[in-house]
Amino acid sequence: MERNLKNVLVISFGFLLLFTAYGGLQSLQSSLNSEEGLGVASLSVLYAALILSSMFLPPILIKKLGCKWTIAISMCCYIAFSLGNFYASWYTLIPTSVILGLGGAPLWSAKCTYLTIAGTSYAEKAGKNAKDIINQYFGVFFLVFQSSGIWGNLISSLILSQSSTKVNISEEDLECCGAYNCLTDTTNTTGSTKPSNSLIYTLLGVYTASGVLAVLLVIIFLDQIKSDQAETEKEKLEAPSFWSTFLATFRHLKDKRQCLLIPLTMYSGFEQGFLSGDYTKVYVTCALGIQYVGYVMICFAAVNSLCSLLFGKISQFTGRKFLFALATVTNTACIIALLLWKPHPKQLAVFFVFPALWGLSDAVWQTQTNGLYGILFEKHKEAAFANYRLWESLGFVIAFGYSTKLQAYIKLYILLSVLVLSMVTYGAVEYLEARSSPGTPTAAKKENGGPHSQETHM
């Protein structure tokens, strides 16, 4: 047990170090690299590359390199993105975003494969239920990993707050903040003033070092899975061809329920994209300054993690419909309030209320949508979750893609429209389920939330 648990902890803390850097950097992209929308464009490209990566690369790399070296090499792709930010331009950020996107899917697939094999191996030796051990390992992983959003954003705020150029934001400049922000490159020469290069390089240096430590931790301390342990998993990877997996993803769209879940799945990408790409820029950076972005995103990450754990537990008592309704009402209230609110530094607490409520809603979208896919498509999980990754990533691509082209209020109306459509189509799924299996007592028992979607933390 000690050796297996050691490997689980090595992977967990490796991911913690890696995503401490990436999470903090993603939150800052729209503010740090705002010229011509470079930051959000790089994120859009990143998620587009992730879509392609998830369809083809994981089986190839895991089969050829094994889980350990797939994890290590994929982590290096994340470090490349940190290095690209040192001299941020279209010629550095876009290529490194593609590299990160391509490395993202193999990283998460190798992690899942490793933990599954390790859990199964220990269960066989100890004579225990493999599913229980695997769930225990994933629980340890997410317990450690989820805190990365807090540490990454804390580092950015502590470093960027050292700026000596404290600028008072005039009332005239504050008029440009919020839903009806002034859509020009010269907007907010106050709040969005970039920190000095030395502070930016310090921050990027810390993030890069964190990524390098993650790679070294995996290379030095993570055991390679023995060939006999990995044989079964390799057979699974070899069984379906790439094209059969690819086609199975789209063949799954013949299921009416899958088609009806597309708006809900894409909404997950839309709402996360708005918070990290738009809220941080036109509300927080504009009115308070870039040094507050990290603190605000810490609030989101903390509430999100706590609620993910809470909703995963209480869903078996309340059922998923109640939680989806709660998230819908909360998100709708936030969107309407953001349309009406004019951000002002004197209302400091309000800047944290929105990400807290957003975190509560996002916890539902992540845990319950994952759980819903697992319950509805139990016999076709691989194709179903491939669709989940595809449509959520597409939501990210679109949200970041139009980020610099539209004003915030238009994006909020788009969010509201997609949310309403999502709830209509989700309601249709529940209706179809109720009609096909009336009076099934096991449905409510099955409604438990899954872990966060891996692309959420990409």
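Per Stokes-Einstein, at 37 °C and 0.692 mPa s, what whole-number D in µm² s⁻¹ belongs to region 16-57, with the Kirkwood radius over Cα pairs as the hydrodynamic radius?
Numbers: Rh = 11.3 Å.
Calculated translational D: 292 µm²/s.
Looking at SER361, LEU376, ALA325, which one has the Cα that reaches farthest to the positive end of the dipole of region 247-435 (charges on Cβ: Lys, Arg +1; Asp, Glu -1)?
The residue sitting most towards the positive pole is LEU376.
When the solvent-accessible surface of protein heavy atoms is calculated with a 1.4 angstrom probe, in what order do CYS112, CYS334 fall, highest first?
Working: CYS112 40, CYS334 5 Å².
Listed by decreasing accessible area, they come as CYS112, CYS334.
From the backbone phi of region 203-215, what are the Karplus-calculated ³J(HN,Hα) couplings (6.51 cos²θ - 1.76 cosθ + 1.60, θ = phi - 60°) in whole Hz, Gly and Pro given as x?
4, 5, x, 5, 5, 5, 4, 5, x, 5, 4, 4, 5
Roughly speaking, to the nearest percent, how much of region 247-435's 1.4 Å accessible area is carbon and sulfur?
Numbers: 5010 of 7100 Å².
Roughly 71 percent of what the probe reaches on region 247-435 is carbon or sulfur.
Once you put a point 7 Å from the Cα of LYS63 and another 7 Å from the Cα of LEU348, both along the Cβ direction, what distance in nm separates them?
So the two model labels end up 5.7 nm from each other.
Leaving ligands, DNA and RNA out of it, rank ARG435, ARG389, ARG3 by accessible area with a 1.4 Å probe, largest first. Please report the intermediate quantities before stating the final value.
On the way: ARG435 155, ARG389 60, ARG3 110 Å².
So, going from the largest accessible area down, we get ARG435, ARG3, ARG389.
Restricted to Cα positions, what overall size does the chain have along the principal axes? Three whole-Å values, descending.
67, 54, 37
Counting only heavy atoms of the protein chains, get the accessible area per residue of region 247-435 (1.4 Å probe) and round it to a whole Å² value.
Working: 7100 Å² over 189 residues.
In whole numbers, region 247-435 has 38 Å² accessible per residue.
Give me the count of lysine pairs in region 247-435 whose alpha carbons sit under 26 angstrom apart, restricted to pairs 8 or more positions apart or on different chains.
Lysine pair count for region 247-435: 18.
First select every other residue whose beta carbon is under 12 angstrom from the beta carbon of SER74; then total the charges, Lys and Arg +1, Asp and Glu -1. Walk me through the intermediate numbers first.
Numbers: positive: LYS68, LYS111; negative: none.
Taking every Cβ under 12 Å from that of SER74, the sum is +2.
Tell me, what HN-Hα J-couplings in whole Hz come from the Karplus equation 6.51 cos²θ - 1.76 cosθ + 1.60 at θ = phi - 60° for each residue of region 399-414, using x for Gly and Pro?
4, 6, x, 8, 4, 8, 8, 10, 6, 4, 5, 5, 5, 5, 5, 5
Using a 1.4 Å probe, how large is the accessible area of LEU213, given in Å² and rounded to the nearest 10?
100 Å²
Please compute, over every Cα-Cα pair in region 247-435, the percentage with a separation greater than 21 angstrom.
On the way: 9114 of 17766 pairs.
Percent of Cα pairs beyond 21 Å in region 247-435: 51.
I'd like the distance between the alpha-carbon centres of region 1-74 and region 205-219, rounded to an integer number of Å.
Taking the Cα centre of each part, region 1-74 and region 205-219 sit 12 Å apart.
Can you compute 3J(HN,Hα) from phi for each residue in region 138-155, using the Karplus curve 6.51 cos²θ - 1.76 cosθ + 1.60 with θ = phi - 60°, rounded to whole Hz and x for Gly and Pro?
Rounded to whole hertz, the list is 5, x, 4, 4, 5, 4, 6, 5, 4, 6, 4, x, 6, 5, x, 6, 5, 4.
The values are calculated or read from the model by the stated rules, or taken from the named source; none is laboratory data. Computed from a predicted structure; not experimentally measured. So basically every Cβ, Gly included, is an ideal-geometry build from the backbone, and we count neighbours across all protein chains shown. Remember, those area values only see protein heavy atoms, side chains included, never the ligands or the DNA or RNA. Shrake-Rupley method; radii C 1.70, N 1.55, O 1.52, S 1.80 Å.
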